[in-house]
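The structure under discussion appears below in the form of structure tokens.
The values are calculated or read from the model by the stated rules, or taken from the named source; none is laboratory data. Treat the numbers as computed from the prediction; the structure is a model and nothing was measured. Quick reminder, even Gly has a Cβ in these numbers, built from the backbone with ideal geometry, and neighbours come from all protein chains shown.
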Number of protein chains: 2
Amino acid sequence: MRIVSVPLGHRSYDIKVGPGLLTTLGTECTRLGLGRRCAVISDHLVAPHYAAAVRTSLERAGIESVLVTVDAGETAKSLKTVQSCYDQLAEHRLERQSFVIALGGGVVGDLTGFVAATYLRGIPFVQLPTTLLAQVDSSVGGKVGVNLKAGKNLVGAFHQPRLVLCDLNTIKTLPERELRAGLAEVIKYGIISDAVFFARLERDLPKLLRRDPKTLGEVVARCCEIKAEVVGQDENEGGLRAVLNFGHTLGHALEAISSYGKYLHGEAISIGQVAAAELSARLLGLPWNDAVRIRDLFARSGLPVAVKLTRAQRKRIFSAMQLDKKVSGGEIKFVLAKKIGTVEFGCRVPRSMIELALDFQVPAAK
Amino acid sequence: MRIVSVPLGHRSYDIKVGPGLLTTLGTECTRLGLGRRCAVISDHLVAPHYAAAVRTSLERAGIESVLVTVDAGETAKSLKTVQSCYDQLAEHRLERQSFVIALGGGVVGDLTGFVAATYLRGIPFVQLPTTLLAQVDSSVGGKVGVNLKAGKNLVGAFHQPRLVLCDLNTIKTLPERELRAGLAEVIKYGIISDAVFFARLERDLPKLLRRDPKTLGEVVARCCEIKAEVVGQDENEGGLRAVLNFGHTLGHALEAISSYGKYLHGEAISIGQVAAAELSARLLGLPWNDAVRIRDLFARSGLPVAVKLTRAQRKRIFSAMQLDKKVSGGEIKFVLAKKIGTVEFGCRVPRSMIELALDFQVPAAK
């Protein structure tokens, strides 16, 4: 087992990475002094696999739990689902000393975190991410929230979990498409902060795709380390934390205009990162060779690297980007790369240049 | 004009109390460095009176505003209204540098504050309370939120305003019933923290009821001072802040079981405070003479001091109290008075004793 600490003063917490960690949940919660009652929030795809084991572990530690099941998929990340969770928490009389457990992927984690941040003005929560994407990204850092029709994550809060348990066994049963989508965030960490790690991913991609346990464990822990370091320096995104949004401005807009249905988050930000690399080469001097390495690694991971848009869709993309949280003073700001491993945030990009990047339709090499 | 400072480090802010302050809004927002775009959230009863003046003041300072109008009354304090506000903010492209203004009573303030706390993970907001209750209580201290069917304020956040402007002119047009409801919170400050102030209220009640401007100004400012002092010591209700909930455990339950329709908040907590005084006399040695002074002052203010409950209602009251945020480890905790001006929080009260207090049906003297 690997332990990564997120250093946030009295809100510090550990991310534990290893096989079989789900069964240690009850002991961990007791060690942290969490209450004796909790709700496990999961979705109808994940709950049948793991909810029983999770609740048994809690029960053995003397913690009473109730299971709240929501729909699977990005469309469940809505205020309607939040309302339904609140009502069930109230019905089961969860109080301030109770806590909530997120058991699932990024959608369940973001949604559950927001419920925990706002129910009774905030109660503790624990993340049990069961997808690669959630383990390396969304379960760490305390950004929680839901979508509006107008855009992704437009409603939310900062609410740090008390603990993150990344059970690597859950990756074994992950659908292929979900695994690949998770790789989009993994690759991001290489681009924004660690060229050696990026090169390792280029080399070890086949091992990751066949879910080699040792490689997976090392890679997940390294991603969490990078994220913890960034979040530790800028918890509430005053500045630096924005680098984590590399590829997300366009990615979020793509998700919004397709009503969160067509693309998984990882797929949308794969396209977004390839476009951002293209913009980086044109505006920030990223060597074209690096831009191509970036595109190729996403393509080799089986992720989409380009998108064909109608004129109407293109208009909606710009409208959606305008609503992104990274807009400031009416200007869309991008995170761009100087080289692999080094990015800058707050970069202005002329609209004509974004249009150009959207047109970058060269089919990627396999 | 009187200025009360709420001392909360980098989240400190001023409460300004005086006649005609609404027209200074634009200048104040500029002075605070707030953005150039905002939404004014108000209800359909208050907006026709003051929205135009508020927006003119903003316009003169070069701040663009959009008006969002919600229904009036406690039932508007719901997630449904929150969703509608989010959608309108997104539609008008409010971004992170934008801000929100709450123009109205406690419902508008709590609702708007919650929208501000969660839209784009939090944007600044300003309180323009137009009722006595909102000026002395709900606009100060950063507790924001909405109700669930199961109970009052069960969903929310701590999000401090950047400024509170209490324009005393708005009290002139306040309906009689709203004025009296506001007095319930005013009297509370005397009970929990200032016996001299309580005695002044006994003496000056007629002046308050006829809305004497000088008396109103002094009383509003004193209430804000007491609240600012308590909040400054315990922003997130770790302990002391609970004293502000004197009379609220039963009060909130009464509001919940009547579906937030029958009682104004001030009326419900009037009944709650009279019951708490009764419990205080029985359990904490509050002199019966003081309990009667408390009851009489509420009655002289034209507020209800007792409630006739059916057996079924009584059962629902206990169920609602069990869900109150002040419940901890399954036990309902009360704030009780040792004497007028001194209270204790976290007091355990046996259920039989609560039953007795609910039966305390002596009609109050006028």
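Per-residue answers, yes or no, for (1) farther than 25 Å from B:Val126 by Cα; (2) modelled with pLDDT under 95; (3) crowded, with 16+ Cβ neighbours inside 10 Å:
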site: B:Gly156; (1), (2), (3): no, no, yes
site: B:Cys166; (1), (2), (3): no, no, yes
site: B:Thr170; (1), (2), (3): no, no, yes
site: B:Leu179; (1), (2), (3): no, no, yes
site: B:Ala184; (1), (2), (3): no, no, yes
site: B:Phe197; (1), (2), (3): yes, no, yes
site: B:Arg203; (1), (2), (3): yes, no, no
site: B:Pro206; (1), (2), (3): yes, no, no
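Please return the ranges of helices (runs of 4 or more DSSP H) entirely within region A:1-114 where 3 or more residues are hydrophobic (A, V, I, L, M, F, W, C) and under 23 Å from the mean Cα position of the chain (by Cα). I'd like the intermediate steps shown before the answer.
Working: elements: A:25-31, A:47-60, A:79-91.
Answer list for region A:1-114: A:47-60, A:79-91.
Could you tell me which numbered condition B:Leu8 fails, if it satisfies all but one of (1) under 25 Å from B:Ala228 (Cβ atoms); (2) crowded, with 21+ Cβ neighbours inside 10 Å?
Status for B:Leu8: all satisfied but (2).
Which condition does B:Arg55 not pass, out of (1) touching a residue at least 24 places away in the same chain (Cβ under 8 Å); (2) among the charged types (D, E, K, R); (3) more than 9 Å from chain A (Cβ to nearest Cβ), if it passes all the others?
The one condition B:Arg55 does not meet is (1).
Within region A:69-87, work out how many residues are polar (S, T, N, Q) and more than 10 Å from chain B (Cβ to nearest Cβ).
4
For region A:121-163, give me each residue that is closer than 15 Å to A:Arg11 by Cβ, facing chain B (nearest Cβ under 10 Å) and in a strand (DSSP E or B).
Scanning region A:121-163 gives A:Lys143, A:Val144, A:Ala157, A:Phe158.
Have a look at B:Thr81, B:Thr27, B:Thr23, B:Thr75 and point out the one that is touching a Gly at 6+ places or on another chain (Cβ under 9 Å) and not assigned by TED's automatic domain parsing to the domain that holds B:Glu255.
Numbers: B:Thr81 fails: touching a Gly at 6+ places or on another chain (Cβ under 9 Å); B:Thr27 fails: touching a Gly at 6+ places or on another chain (Cβ under 9 Å); B:Thr23 fails: touching a Gly at 6+ places or on another chain (Cβ under 9 Å).
Only one candidate qualifies: B:Thr75.
Given the options A:Arg211, A:Arg222, name the one that is in a loop (DSSP other than H, G, I, E, B) and in contact (Cβ under 8 Å) with a residue 24 or more places away in the chain.
Numbers: A:Arg222 fails: in a loop (DSSP other than H, G, I, E, B).
Criteria check complete, one pass: A:Arg211.
Quick one: A:Phe125 ticks every box in (1) of a type in the set (Phe, Trp, Tyr); (2) out of contact with any Pro (no Cβ under 8 Å at 6 or more places or on another chain); (3) without any contact (Cβ under 8 Å) to a residue 60 or more places away in the chain except a single one, so which number is it?
(2)
Could you go through region A:176-199 and let me know if any residue there is of a type in the set (Asp, Glu) and more than 21 Å from A:Ile269 (Cα to Cα).
Keep residues of region A:176-199 that are of a type in the set (Asp, Glu), which gives A:176, A:178, A:185, A:194.
Narrowing the set further to residues that are more than 21 Å from A:Ile269 (Cα to Cα) leaves none.
Within region A:176-199 (the criterion being of a type in the set (Asp, Glu) and more than 21 Å from A:Ile269 (Cα to Cα)), the answer is no, since none of the residues qualifies.
Return the total of residues in region A:171-194 being outside any helix (DSSP H, G or I) and either among the acidic types (Asp, Glu) or in contact with a helix residue (DSSP H, G or I) (Cβ under 9 Å, 6 or more places away or on another chain) (or both). Can you show your working first?
Narrowing region A:171-194 to residues outside any helix (DSSP H, G or I): A:173-175, A:194.
Right, trim to either among the acidic types (Asp, Glu) or in contact with a helix residue (DSSP H, G or I) (Cβ under 9 Å, 6 or more places away or on another chain) (or both) and you get A:173-174, A:194.
Total satisfying the criteria: 3.
Filter region A:92-120 for residues that are at the interface with another protein chain (Cβ under 7 Å from one of its Cβ atoms) and of a type in the set (D, E, K, R); which is nearest to A:His49 (Cα to Cα)?
Checked region A:92-120; the qualifying residue nearest to A:His49 (Cα to Cα) is A:Arg93.
With respect to B:Phe246, determine if the residue is under 28 Å from B:Pro350 (Cα atoms), touching a residue at least 60 places away in the same chain (Cβ under 8 Å) and of a type in the set (Phe, Trp, Tyr). If you could, list the steps in order and put the result at the bottom.
On the way: under 28 Å from B:Pro350 (Cα atoms): yes; touching a residue at least 60 places away in the same chain (Cβ under 8 Å): yes; of a type in the set (Phe, Trp, Tyr): yes.
For B:Phe246, the condition - under 28 Å from B:Pro350 (Cα atoms), touching a residue at least 60 places away in the same chain (Cβ under 8 Å) and of a type in the set (Phe, Trp, Tyr) - is met.
Of the conditions (1) within 14 Å of chain B (Cβ to nearest Cβ); (2) outside any helix (DSSP H, G or I), A:Leu303 fails just one. Which one is it?
(1)
When you go through (1) touching a residue at least 24 places away in the same chain (Cβ under 8 Å); (2) farther than 30 Å from A:Ser319 by Cα; (3) of a type outside the set (A, V, I, L, M) one by one for A:Arg200, which number turns out not to apply?
If we test A:Arg200 against (1) touching a residue at least 24 places away in the same chain (Cβ under 8 Å); (2) farther than 30 Å from A:Ser319 by Cα; (3) of a type outside the set (A, V, I, L, M), just (1) comes out false.
Taking the options B:Ile317, B:Ile332, name whichever one is at pLDDT below 95 and within 14 Å of chain A (Cβ to nearest Cβ). Break it down stepwise before answering.
Details: B:Ile317 fails: within 14 Å of chain A (Cβ to nearest Cβ).
Sole residue among the options that is at pLDDT below 95 and within 14 Å of chain A (Cβ to nearest Cβ): B:Ile332.
Could you look through region B:270-306, keep only residues that are over 22 Å from the mean Cα position of the chain (by Cα) and among the polar types (S, T, N, Q), and pick out the one that is farthest from B:Gly247 (Cα to Cα)?
Checking each candidate, the answer is B:Asn289.
In region A:249-269, which residue that is under 14 Å from the mean Cα position of the chain (by Cα) and without any contact (Cβ under 8 Å) to a residue 40 or more places away in the chain is surrounded by the fewest Cβ atoms within 10 Å (Cβ to Cβ)?
A:Gly251
Does A:Val82 satisfy the criteria of being crowded, with 17+ Cβ neighbours inside 10 Å and either free of Cβ contacts under 8 Å to residues at least 12 places away in the same chain or within 19 Å of A:Val164 (Cα to Cα) (or both)?
Details: crowded, with 17+ Cβ neighbours inside 10 Å: yes; either free of Cβ contacts under 8 Å to residues at least 12 places away in the same chain or within 19 Å of A:Val164 (Cα to Cα) (or both): no.
The answer is no for A:Val82.
From A:Gly272, A:Gly346, which residue is of a type outside the set (Phe, Trp, Tyr) and surrounded by 22 or more Cβ atoms within 10 Å (Cβ to Cβ)? Spell out how you get there, then give the answer.
Values: A:Gly346 fails: surrounded by 22 or more Cβ atoms within 10 Å (Cβ to Cβ).
After applying the criteria, what remains is A:Gly272.
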